[in-house]
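A quick write-up on the structure given underneath.
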Protein chains: 2
Amino acid sequence: MTMNMPENPLAHAAPLTDADRALVDGVLARRLRPLAKTITLIESQREDHKARARQVLEALLPHTGGAMRVGISGVPGVGKSTFIEALGLYLIGQGMRVAVLAVDPSSSLTGGSILGDKTRMELLSQNPAAFIRPSPSAGSLGGVAEKTRETMLVCEAAGFDVIIVETVGVGQSETAVAGMTDIFCLLQLPNAGDDLQAIKKGIMELADLIVVNKADIDPMAATRAQAQMKTALHMLRPASPNWTVPVLTLSALQKQGIADFWKEVAGYRAALVKSGEFDAKRRHQALAWMWDLIDAGLRSRFRGHPRVKDELPSLARAVEAGATTPAAAAQRLLGHLG
Amino acid sequence: MTMNMPENPLAHAAPLTDADRALVDGVLARRLRPLAKTITLIESQREDHKARARQVLEALLPHTGGAMRVGISGVPGVGKSTFIEALGLYLIGQGMRVAVLAVDPSSSLTGGSILGDKTRMELLSQNPAAFIRPSPSAGSLGGVAEKTRETMLVCEAAGFDVIIVETVGVGQSETAVAGMTDIFCLLQLPNAGDDLQAIKKGIMELADLIVVNKADIDPMAATRAQAQMKTALHMLRPASPNWTVPVLTLSALQKQGIADFWKEVAGYRAALVKSGEFDAKRRHQALAWMWDLIDAGLRSRFRGHPRVKDELPSLARAVEAGATTPAAAAQRLLGHLG
C-alpha cells in the first residue's frame, strides 16, 4: 500500500512515555510480547489506558496499511477454524506472516471467547509466523469491533502480511467485519437452502467471495449448492462494479482448494487496485467508521443529559401512542442541549 | 384505531391563537380550505410558521390515526397515476374519502412536482371526496418526508379514510414512505428482469404487496412476471411474520383488478391487526421517526459547532488517508462540544 500520507493534525498531542515508546518500538521490531501488551492496552476499559492506547496507535499509524485484510464469516459448524488453520498454514508456506483476530460480541455473555480460540487451531497457533488473538470480551458490538479494528492496525505495524478477521454468521457482526476488511468471504455448507438463509439474514450481499466448504463429503451436493448460490447472487446488488463474486467449492479438512481460494483473493485485490477501488474502499471505511463513532458519541451524550434522561421515557411513550408528534418530541429534547 | 391515549407531555405548551384555533376547527369540520391552509403552514420554512404548525398539529393529534395509510411506489411509466386514480375512484364508490400525497425529493430541483399532480388524475381531482396534494417542493428528502408525514396526520384529522402516499421508484424515498405507511405497495411492469431491478435497488424487500400493472397489454407476459416475482420474493427476508407478500396482476387503465387489490389490502390489515403487529408497527414507525429527527438534529448541531467546522475537513482527510484513527478524530471533535 503506498499512499501520500498527509500530516496527522493530532500527531503533536503529547510525547510518548518511555514505557509506551518501548511498546511502539517492540511492535515495529515485530516482537510478540510488546504486540500482545499493546493489544491488551487497546482492550482495556480504564480511562488512562484508553488515552495511552490512542497515543501508541497514533505512533504506529504511519506503519499500517500494508496487510491484506480478509474477513471470514459462516455459521457455527461450517468449519471456520479448520479453514482458517489450513489457509494460515498455506500462507505461511508461501513465506507470509498471518494474524488471526475475531469479532464475537457474544463472548462477553459466555464469559469466554468462542472465536480465535487457539485450541481450535493447534498447528497454526504453534507456528512462529502466526499470531492468534481471541475476540475482545467486553462491551457492545460497536466496542468489540472498534478494538478489533485497532488491533488489526497494530498487527499491520508488526509486519503481518495477512490479517484474518473471523466472525460468526448469525448477526450484525458481519457488517462490522465487512466494514473493516478488504475482502469479505462467506463460508457455506453444501446444503440446499443455505443460500436462502444467508440472503434472508442479509449476509450474502456483503460477500466478495463465497466458499462452499466440506465439498469432500458429498461433491455433487457441493456442486449443486454452488450453482444455487451463483443464481442467488444474480438477484443481489453487486458489492463492487469491478468484481463478480465467485463461488468456490473446497475442503478445508482435506486442504483441497486452499491455493485456489487465495488465487481468487489475489485476483480480487488486483482488480480493485487497478480500478482504484481498493484504496477508495479503505478511505470510505475509515471515514464511515469515524462517523459511526461520532454518531454513537452524540447519542450517548444526548442520552446522558439530565433533562433528556428525565423526559425521554414519557416523551417516547407519547410518540409511540400518537399523543405527540415525533417532530415535537425531538425538538423538545434537542432544545435541552442548549 | 383505538388506543389508550397517554397524556401528551407537551400539550400545555401554549394556547392556540384564534387564527390557529380556526384552522384546527376547520380541519376537524372536514373543510378543504382550512385543510389546505394548514398544510401550507406545515410546509413553510419560516420559523414562526414552524412553531405555529407544531401547535396546530398537537391540537389535531388526538383526532389522527383513523385512516389506512397506503404507500405506492413504482418506476416512471409503470402507471402510478392511472392506478391511483382508478383506486381512488373505486374507494370513493365504496363510500370512502381519499387523500393522495406524494414524496418526491427531486421536485426541489425540477422546480415543480412531478407527483401528485392534479392534471394526471383529472377525474379524481374533481371529485369532492378526494384531496390531492403534490409533494412539498423544498428541502432534503428528510424534510420532504417529514412534511408529508405531518400532512398525512392532518388529513386523518380531516376524516379521510384512506391516505395514499405516492413516491417514485428510483431512490431512497421508498424507505421513507414505507416508514410512514401501513402497507407499502410496489407497482411493476410485466417485463422480465423488472423484479431484478427492484431487488437490486433494495425496494422489493420493502414491499408488502406487489402489483404487475398493464396486464391487459400482454396477459402471458404479466403472468410470467408474476411467477418470477413470486420466486424472487422467496429469496428475501419477509417484512412481516404474519403476512406472505402477494403478487397481483391487474390493468389500472381497464380498471381490472382494483377490487382484488383492495381486498388484499384489507386482508393485510386484518392479519396484522389480529396479531397486534398493526399497532406495533405504527408505534415503531413513530419512535424510529423521532430518533431519525434526533440523530439529524444532533449531527446538524455538531457540524455547526465553530471548532468542528474548522477541524472537520482536515481531520476527515487524515482519517481517509490513514494518518489518524477514526477513534482519535471522533474523540477530538466530540471533545469540542464541551
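Is it true that some residue in segment A:311-319 is within 30 Å of B:A157 (Cα to Cα), in contact (Cβ under 8 Å) with a residue 24 or more places away in the chain and not assigned by TED's automatic domain parsing to the domain that holds A:V144? The answer is yes, given that some residue of segment A:311-319 is within 30 Å of B:A157 (Cα to Cα), in contact (Cβ under 8 Å) with a residue 24 or more places away in the chain and not assigned by TED's automatic domain parsing to the domain that holds A:V144. Each residue in segment A:55-83 was checked for being of a type in the set (V, I, T) and within 30 Å of B:E320 (Cβ to Cβ), and 4 pass. Here A:W243 passes the criteria (1) in a helix (DSSP H, G or I); (2) under 17 Å from A:V70 (Cα atoms); (3) in the same structural domain as A:L123 (by TED's automatic domain parsing) except the one numbered (1). Taking the listed residues B:Q226, B:Q254, the one that is of a type outside the set (S, T, Y) and assigned to a helix (DSSP H, G or I) is B:Q226, with no other qualifying. Can you confirm whether segment B:103-115 contains a residue that is assigned by TED's automatic domain parsing to the domain that holds B:V212 and either modelled with pLDDT of 90 or more or at positive phi (or both)? Yes, some residue in segment B:103-115 is assigned by TED's automatic domain parsing to the domain that holds B:V212 and either modelled with pLDDT of 90 or more or at positive phi (or both). Among the residues of segment A:303-320, which ones are in a helix (DSSP H, G or I) and either loosely packed, with under 13 Cβ neighbours inside 10 Å or not aliphatic (A, V, I, L, M) (or both)? Selection gives A:R303, A:G304, A:P306, A:R307, A:K309, A:D310, A:E311, A:P313, A:S314, A:R317, A:E320. Exactly one residue out of B:K263, B:K230 is assigned by TED's automatic domain parsing to the domain that holds B:S81, more than 20 Å from B:Y90 (Cα to Cα) and either free of Cβ contacts under 8 Å to residues at least 60 places away in the same chain or surrounded by 16 or more Cβ atoms within 10 Å (Cβ to Cβ) (or both): that is B:K230. Apart from one condition, B:S300 fits all of (1) part of a helix (DSSP H, G or I); (2) farther than 30 Å from A:H63 by Cα; (3) within 11 Å of chain A (Cβ to nearest Cβ); (4) in contact (Cβ under 8 Å) with a residue 12 or more places away in the chain; the exception is (4). Just one of the numbered conditions (1) charged (D, E, K, R); (2) surrounded by 13 or more Cβ atoms within 10 Å (Cβ to Cβ); (3) at pLDDT below 95 is not true of A:R237: (2).
In this structure, is B:L196 modelled with pLDDT of 80 or more and either assigned by TED's automatic domain parsing to the domain that holds B:D182 or under 24 Å from the mean Cα position of the chain (by Cα) (or both)? Spelling it out, it is not the case that B:L196 is modelled with pLDDT of 80 or more and either assigned by TED's automatic domain parsing to the domain that holds B:D182 or under 24 Å from the mean Cα position of the chain (by Cα) (or both).
Across segment B:284-297, the number of residues qualifying as without any contact (Cβ under 8 Å) to a residue 40 or more places away in the chain and either under 22 Å from A:K281 (Cβ atoms) or facing chain A (nearest Cβ under 7 Å) (or both) comes to 6. Quickly run through segment B:143-158 and pick out the residues that are in contact (Cβ under 8 Å) with a residue 60 or more places away in the chain and in a helix (DSSP H, G or I). Listed by number, the residues that qualify are B:E146, B:K147, B:R149, B:E150, B:T151, B:M152, B:L153, B:V154, B:C155, B:E156, B:A157. Note on segment A:30-103: enclosed helices (runs of 4 or more DSSP H) holding 3 or more residues that are in contact with a strand residue (DSSP E or B) (Cβ under 8 Å, 6 or more places away or on another chain) and away from every other protein chain (no Cβ under 14 Å) are A:80-93.
With respect to B:A259, is the statement that it is modelled with pLDDT of 95 or more, more than 14 Å from chain A (Cβ to nearest Cβ), more than 21 Å from the chain's Cα centre (by Cα) and assigned to a helix (DSSP H, G or I) true? Here the answer is yes, as B:A259 does meet what is asked. The set of residues from segment B:321-338 being within 8 Å of chain A (Cβ to nearest Cβ) and either surrounded by fewer than 18 Cβ atoms within 10 Å (Cβ to Cβ) or part of a helix (DSSP H, G or I) (or both) comprises B:P326, B:A327, B:A328, B:A329, B:A330, B:Q331, B:R332, B:L333, B:L334, B:L337.
The values are calculated or read from the model by the stated rules, or taken from the named source; none is laboratory data. Source: prediction; values computed, not measured. No Cβ is skipped: glycine too gets one built from the backbone with ideal geometry, and neighbour counts run over all protein chains shown.
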